[in-house]
Amino acid sequence: MVIGVLTAGGDCPGLNAVTRAVVSRAISEHGMEVVGIRNGWDGLMAGDVRPLDRDDVRGILQRGGTILGTSRRDPYVHGQGYESVRETIEANGIDAVVVIGGDGTLRTALALHEEGLNVVGVPKTIDNDIAGTDMTFGFDTAVSIATDALDRIATTAESHNRIMVVEVMGRTKGWIATYAGIAAGADAILVPELEANLADVADTIRARHRRGRTYSIVVVAEGCTPPDGRQITSGVDAFGFDRLGGVGYVFGAKLERLTGFETRVTVLGHLQRGGSPTAFDRVLATRFGVAATDLAAAGRFGEMAALRGMEVVGVPLAEACADIRGVDPALLDVARTFFG
Ligand code: F6P
């Protein structure tokens, strides 16, 4: 059996750990051949494929990025679906493809599966918003980076009696904002799941400063919508997704006006996606890679490796694609306990 592996969409710490696990498991446990597909779906459309053996994946477990390359190009947006990849599949004798990607990539994988391609998914995104799994790999690393940044911002905020607004990634859901906000003891957390009430946040901050606190930290997810209802974007990416970023500046200016306290804004951006994965993400990514390969070996195509509780199991891709998973309201309630 020949198994292909590709990484598509935005990169994320832990991608190399999955690739390494797929190659090692496929060769040592199942006697498969593995081919790496370059630059996501683009490589499958263009025939950019090369054999991968265990030597190719030595020393990559802790490396950020993806040795396979990635892109946001897609066979349905930039081609004719299965017809665009058929030649590469047939020419290389690929029996199944392990697709490591976020919500857009997994939806494409499901559509190709429905057209006859044997696929198995691995849920990847720092946003942690894929349905069907309790967690995606990359999220823990992003939260660690954001928490470290918030801790650092707190010490300079304290020196200057300032409000610090920190914008983190989170296209449609506020998982990073919520986790990092709780971990760093933020005074307000604004997530796309809930309408931002800046008047309430300003009241909380004023009350806090009356009690003698000299600074406040507000964490904002990039996908939050400003009061006028227009998201802050700078065009669209190759897949057609909005390029987000900048809502922190809108919220920061408003909070400064409402409170009268000097405010500074930091947008963490791609820092959150770069560098080495945490130990947790290395382990989760490795488990996902092993499970996805086992699913392919068992012929369980159209499924995705997923974390359920402490177990890694196979779930239908259709389940993962049916929804985008938002932050549990109970978690937001935990965060609120410490606001102000
Ligand atoms: O989907 C993951 C993500 O990191 C989002 O949080 C963010 O909005 C987006 O990717 C950024 O994508 P790009 O790297 O294409 O700018």
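The numbers here are math on the coordinates, done by the rules we state, and not lab data. Bear in mind that the values here come from a model prediction, so they are computed numbers and not experimental data. No Cβ is skipped: glycine too gets one built from the backbone with ideal geometry, and neighbour counts run over all protein chains shown.
Return the residue satisfying two criteria in turn: it lies in segment 268-322 and is among the basic types (Lys, Arg) and within 20 Å of the chain's Cα centre (by Cα), and of such residues it is farthest from Val2 (Cα to Cα).
Residues of segment 268-322 that are among the basic types (Lys, Arg), as a first pass: 273, 282, 287, 300, 308.
If we keep only those that are within 20 Å of the chain's Cα centre (by Cα) too, we end up with 273, 282, 287, 308.
Numbers: Arg273: 31, Arg282: 25, Arg287: 21, Arg308: 29 Å.
For segment 268-322, the residue satisfying everything is Arg273.
Is it the case, given these coordinates, that Ala279 is over 28 Å from Gly64 (Cβ atoms), surrounded by fewer than 20 Cβ atoms within 10 Å (Cβ to Cβ) and free of Cβ contacts under 8 Å to residues at least 40 places away in the same chain? Against the criterion (over 28 Å from Gly64 (Cβ atoms), surrounded by fewer than 20 Cβ atoms within 10 Å (Cβ to Cβ) and free of Cβ contacts under 8 Å to residues at least 40 places away in the same chain), Ala279 does not qualify.
Look at Gly326 and say whether it is in a strand (DSSP E or B) and closer than 23 Å to Thr105 by Cα. No, not satisfied. Counting just the residues of segment 7-19 that are out of contact with any Asp or Glu (no Cβ under 9 Å at 6 or more places or on another chain) and not β-branched (Val, Ile, Thr), which one comes out nearest to Thr105 (Cα to Cα)? Among those residues, the one meeting the criterion is Asp11. Within segment 158-201, being touching a residue at least 24 places away in the same chain (Cβ under 8 Å), among the acidic types (Asp, Glu) and away from the ligand (no atom under 16 Å from the Cβ) holds for Glu158, Asp187, Glu195.
Scanning segment 214-264 for residues that are within 19 Å of Phe339 (Cα to Cα) and of a type in the set (A, V, I, L, M, F, W, C) returns Ile217, Val218, Val219, Val220, Ala221, Cys224, Phe251, Leu255, Leu258, Phe261.
So that you can scan it fast, the table gives a plain yes or no per residue for (1) closer than 30 Å to Leu271 by Cβ; (2) under 17 Å from the mean Cα position of the chain (by Cα):
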site	(1), (2)
Val5	yes, no
Gly14	yes, yes
Glu29	no, no
Arg38	yes, no
Ile60	yes, no
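Note on segment 256-305: among residues that are of a type in the set (Val, Ile, Thr) and part of a helix (DSSP H, G or I), the one that is farthest from the ligand (Cβ to nearest atom) is Thr259.
In the condition set (1) within 16 Å of the ligand (Cβ to nearest atom); (2) over 20 Å from Ala285 (Cβ atoms); (3) touching a residue at least 40 places away in the same chain (Cβ under 8 Å); (4) surrounded by 19 or more Cβ atoms within 10 Å (Cβ to Cβ), Asp11 is compliant with all but (2). Does any residue of segment 134-154 turn out to be surrounded by 24 or more Cβ atoms within 10 Å (Cβ to Cβ) and part of a strand (DSSP E or B)? Yes, because at least one residue in segment 134-154 is surrounded by 24 or more Cβ atoms within 10 Å (Cβ to Cβ) and part of a strand (DSSP E or B). Here Arg162 passes the criteria (1) touching an Asp or Glu at 6+ places or on another chain (Cβ under 8 Å); (2) buried (at least 20 other Cβ atoms within 10 Å of the Cβ); (3) of a type in the set (Lys, Arg) except the one numbered (2). If you go through segment 40-55 and keep only what is within 22 Å of the chain's Cα centre (by Cα) and away from the ligand (no atom under 16 Å from the Cβ), you end up with just Gly43.
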